[in-house]
Amino acid sequence: MAIVVRIDVELAKRKMSVGEFAELVGLTPANVAVLKNGRAKAVRFSTLEAMCRALGCQPGDLLEWVEDE
């Protein structure tokens, strides 16, 4: 089982930079990169809520479950 993080897709749709997104969410750009690259082990609900608020999207727009092959 793998969870794919699609922050980059949502940022591209809105033509928003990582730095701008990080500032709106209250994260460092380095931590956004960890999320974007799928290296995060967990995400707090408060962080997920802030990301959805900043992007005007739903959690399912940012996270996708993909079955292992």
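The values are calculated or read from the model by the stated rules, or taken from the named source; none is laboratory data. As the structure is a prediction and not an experimental result, all values here were calculated from the model. Note: ideal-geometry Cβ built from the backbone for every residue, glycine included; neighbour counts use all protein chains shown.
A few comments on the model shown:
- Matching residues, region 19-39, being modelled with pLDDT under 95 and over 10 Å from the mean Cα position of the chain (by Cα): R39
- Those residues of region 57-69 which are surrounded by 15 or more Cβ atoms within 10 Å (Cβ to Cβ) and part of a loop (DSSP other than H, G, I, E, B), in sequence order: C57
- Against the list (1) touching a residue at least 40 places away in the same chain (Cβ under 8 Å); (2) touching a helix residue (DSSP H, G or I) at 6+ places or on another chain (Cβ under 7 Å), the condition V25 fails is (1).
- Filtered residues of region 10-22 (kept if in a helix (DSSP H, G or I), surrounded by 14 or more Cβ atoms within 10 Å (Cβ to Cβ) and free of Cβ contacts under 8 Å to residues at least 40 places away in the same chain): V18, E20, F21, A22
- Those residues of region 30-51 which are assigned to a helix (DSSP H, G or I) and either of a type in the set (K, R) or loosely packed, with under 14 Cβ neighbours inside 10 Å (or both), in sequence order: A30, K36, F45, S46, E49
- A54 being in contact with a Gly (Cβ under 8 Å, 6 or more places away or on another chain), touching a residue at least 24 places away in the same chain (Cβ under 8 Å) and either exposed (fewer than 11 other Cβ atoms within 10 Å of the Cβ) or not polar (S, T, N, Q) (or both): no
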